[in-house]
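The values are calculated or read from the model by the stated rules, or taken from the named source; none is laboratory data. Keep in mind that what you see is a predicted model, and the values were worked out from it rather than measured. In this analysis, Cβ positions are derived from the backbone assuming ideal geometry, glycine residues included, and neighbour counts consider all displayed protein chains. Each accessible area value is taken on the protein alone, full model and side chains, heavy atoms only, with ligands, DNA and RNA left out. Shrake-Rupley method; radii C 1.70, N 1.55, O 1.52, S 1.80 Å.
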Amino acid sequence: MGSADQASDGYSAVFFMDGSDVSRQMRASEFGAFLDGYVGLSDLADTDVKAVYVLLGSDLLVRSLVFFRIYFDEEGRADSHWNLPVEKLARKGAKGPDMGAGPIRLVCRSQCPKSASAEDFWDPDMTPGSNHFQAIRRAVDANTLRFRKVEPTPEEDIPVLGAESRSQEEPEVSADRVRLARVIREQRLRIKTLQSVHRDALSDLQRENRHEMQALRNETAELQQKYERQKLSNEQLKKRLAERNEQYLMMQEQIASGEARNEREGATADAEVVLLREQLERRQRELELRDEKIVVLEQENHDLRHQPPTENSVMDHLQNHSVFLVAYHAGVGHITLPYDDIESYFRNPVAYAAERCGLNEPAYRQWLDHYEHPVCHHKLTNGKPCGEPVMRISQPAEFRAEVDDRCEQHRPKDSS
């Protein structure tokens, strides 16, 4: 990019945009210094900036606009590989809105030359209240860059022969046509930019949806893992409790047999009975502590599985029905998953779809194999399937195994 601020017929500048406002202005020479790496902008570090190259006439009216993008690295320096010829593009742009001196030349994403990449440009917003053209015009009128305005020299009116004979309505009709053409051109540009904004917004929503779905899958997997760990811990505790119960029963038998011996042997066995009773009481206390711990762990497991989702999280939006999770399966179509079914669905999506069809999972999988590959599955003598194409049965409930997936030659004779 050149360093001159003043072209042969006016001035050039670069405006940085923040939303619908001009946040920073600089002359072309100052912008050239940023491109050469002599100066950095710390407040723009690691930022993809929306900028506008503005070409003005000597009367300080806009002649051309180029809406381009430029990246500033972590140190606030302009991308050293950026080499967009904005000056040349400004003089070759297509017609745009009238900003005081007739239709300007405009280059933007929806209206860029074939030799350039649309990704290097962006589309201005033309909606009322956030119109970029109006913001640029206000900044130009303010003239904070202090360009010197040159008033145009009035031209003498040269009489034209035969002018009196022309109809006085022709200039008015011509002016109306020019205004109508400008309005049509501006409306077409607005439609193009709105379509571009719609595409970008749709792309952002799709990307955000993919991220939320991935976060939901990760959260579900994490909860499932936590549940499995808790389940394993409970099973281990129950196993140890069963072992303690067996020990308790054995000790009861030992006490009973000890009491019988005491009756025969007398007071010499009293000490052994007391010891056994103490051991039994200690075992009972241990069992009670184990029972209490199991109750606590089972309650924690229940709370983990039924705890309300975090506010403003994906699960919270799903529970409040502000966001719906939709799955698609052949034979069922699109399924809007209730919040309470999300866990069971992710545990086995195929079984969930089979249940919605009124089939068990093996029957649904057998139909799905036929639906995706409608060929004869009869085994030939060489062990390979026949492979002859058959008519596809689109509804799972209407599919008959070993009948609808057989060709006419291998279909059972008694099937209708």
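The table below gives the values:
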{"quantity": "Cα gyration tensor shape of segment 106-148, rounded if a/c is under 1.5, else prolate or oblate by comparing a/b with b/c", "calculated": "oblate"}
{"quantity": "Heavy-atom SASA rank of R77, R264, R91 (probe 1.4 Å, accessible area, largest first)", "calculated": "R264, R91, R77"}
{"quantity": "Net charge contributed by nearby residues that have their C-beta within less than 11 Å of V62 (K/R +1, D/E -1)", "calculated": "0"}
{"quantity": "Inverse mean reciprocal Cα-Cα distance (Kirkwood Rh) of segment 1-135, Å", "calculated": "15.1"}
{"quantity": "Solvent-accessible area of R229 with every protein chain in place, 1.4 Å probe, in Å² to the nearest 10", "calculated": "140"}
